[in-house]
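**Q** Encoded as C-alpha cells, here's the structure I'll be asking about.
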Amino acid sequence: MGYQLNLGDWNAIFAVPSVLVDRHLKLAGKEQLQVILWILRHTGEPFTPETLSSALGISTDSALDALDYWTDCGLLAAIGEQLHPPVSKLQEADITKTAAPSVPAAPLKREPAAVEPAIPENLAKETVKTPALQKPKRLVKPDGLYLATRMKESDEIRFLMQEAEITLGKTISPALSSTLLSLCDDYGLPVEVIVMILHYAKDVGKTGTAYIESVARDWAQSNIFTLEAAEEKLQELSERRLAWGRVESAAGLSRRSPSKKEEDAAFRWVKEWKFSQEMLSGAYERCVDNLGKFHIGYMNKILERWHKTGFTSMAQVTADEQFRKNEEENKKSYDIDELERMSFFDPPEDL
C-alpha cells in the first residue's frame, strides 16, 4: 500500500527571489508585481508583452512598462541577452570616490539657468546640457533610492513628478518615474519640454513608459531643448496625425497607428503636395481597382504622377484618362486600317 502527503494548493509552488520582496515589494507597482509573478510561475516559457496583456488583463503599454522596470532592476533580460544587475547612481558615486579620492564627486545639481514661467518661480533652475546620444545604447535607469534623493534635493524634479501624475491622471509607476529622471539627467531635456511630451502622449492615447521614452529620445537627438523647438515639433506631429487621418478616411481604413512609411507618405500627399480628399479617394480607388487592396507604395506612384503632371482636381484626372483611352482606341483602329491597305486580308491570287 502506498501513501501520499496531500498539501492541496501547496503541491504546486515556485520560487521567488528574496530581493523581490526585500527591495521591490514597496517600490514596484501593482502591475509590475503581477507581471513578475506571472513570469516566475511560467519560468522557461517564452512570452511577449501581448502574452502578458492577455493573461493578466492589462494593457500592452502597462506590460511593456513592467518589463522595462524588471529589466532595469537586473532581474529580467530579453532572449539572447545576459543579465547585468545595474549599479545604482549613488553606488557609482561611492565607487568613483573610493577609486579616486583626490577628484571630488560631481554635484547632483546643475548650474542655475532660466526656466519658462510655466514652472513656479520658487523652483530651482537647472542648466540644460545637450549630451551626445548613442541610439543603440540603452541608458541605465536610476533606482528608487537615487530618485528619492534627487526629489529631495531638487524642487524641479519634484515638480516634474507631480506634473506627470496630474497630466496622466494617475499615480506614475516606478518605471516611469525613473525614466522621467533619466530624461532630465541623461538625455538633458528640460523639465518644461518633458511636460510637453507628457501632454502629447496623453493626447494621442499612448502613455506607456516605452512610448514616452522613445519620443523623448527622438526629441533629444533632434536637438529639441527649448519650448520654441518643442512647439514646432508638436505642430509637425499634429499635422502628421491629421494627414494620416485624411488618408484613413479617404481609403476607408479602420483606425490604427500608421507605420513610419505610411505616416511619411500621408504627410507628403496632404501637406507637401496638397491633394484634396477627393483626389486621395480617387487614387485609392485606382489602387484597389488594380491591386484589389490598399498599398501605400502603389498609391504613392499614382499621386506622384498626378503631382508631376500638375493635376489639382479629379476632373483633370478623368479628362486625361479619357484622352489616353481615346488615343489607344485610335491607335488600334489605325493598325487595322494599315493592315487592310497592305492587303493583309486579301485572298491569294489564282495560280
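**Q** Has the range 34-41 got any residue that is more than 21 Å from D143 (Cα to Cα), over 27 Å from the mean Cα position of the chain (by Cα), outside the structural domain of L176 (by TED's automatic domain parsing) and surrounded by fewer than 17 Cβ atoms within 10 Å (Cβ to Cβ)? Can you show your working first?
**A** Keep residues of the range 34-41 that are more than 21 Å from D143 (Cα to Cα), which gives 38-41.
Checking which are over 27 Å from the mean Cα position of the chain (by Cα) leaves us with 40-41.
Checking which are outside the structural domain of L176 (by TED's automatic domain parsing) leaves us with 40-41.
Within this subset, residues satisfying the condition of being surrounded by fewer than 17 Cβ atoms within 10 Å (Cβ to Cβ) are 40-41.
Yes: the range 34-41 contains one or more residues that are more than 21 Å from D143 (Cα to Cα), over 27 Å from the mean Cα position of the chain (by Cα), outside the structural domain of L176 (by TED's automatic domain parsing) and surrounded by fewer than 17 Cβ atoms within 10 Å (Cβ to Cβ).
**Q** Could you list all residues from the range 251-267 that are surrounded by 14 or more Cβ atoms within 10 Å (Cβ to Cβ), without any contact (Cβ under 8 Å) to a residue 24 or more places away in the chain and in a helix (DSSP H, G or I)? Don't jump to the end; show me each part of the working.
**A** Filtering the range 251-267 for residues surrounded by 14 or more Cβ atoms within 10 Å (Cβ to Cβ) gives 251, 253, 258, 262-267.
If we keep only those that are without any contact (Cβ under 8 Å) to a residue 24 or more places away in the chain as well, we get 258, 263-264.
Across the range 251-267, the qualifying residues are E263, D264.
**Q** Being surrounded by fewer than 16 Cβ atoms within 10 Å (Cβ to Cβ) and assigned by TED's automatic domain parsing to the domain that holds Y187 narrows it down to one of Q322, Q277, Q221, so name that one. Working first, answer last.
**A** Values: Q322 fails: assigned by TED's automatic domain parsing to the domain that holds Y187; Q277 fails: assigned by TED's automatic domain parsing to the domain that holds Y187.
That would be Q221, the only listed residue that is surrounded by fewer than 16 Cβ atoms within 10 Å (Cβ to Cβ) and assigned by TED's automatic domain parsing to the domain that holds Y187.
The values are calculated or read from the model by the stated rules, or taken from the named source; none is laboratory data. Values in this document were obtained by computation on a predicted structure and should not be read as measured data. Methodologically, a virtual Cβ is constructed for each residue, glycine included, from the backbone with ideal geometry; neighbour enumeration extends over all protein chains shown.
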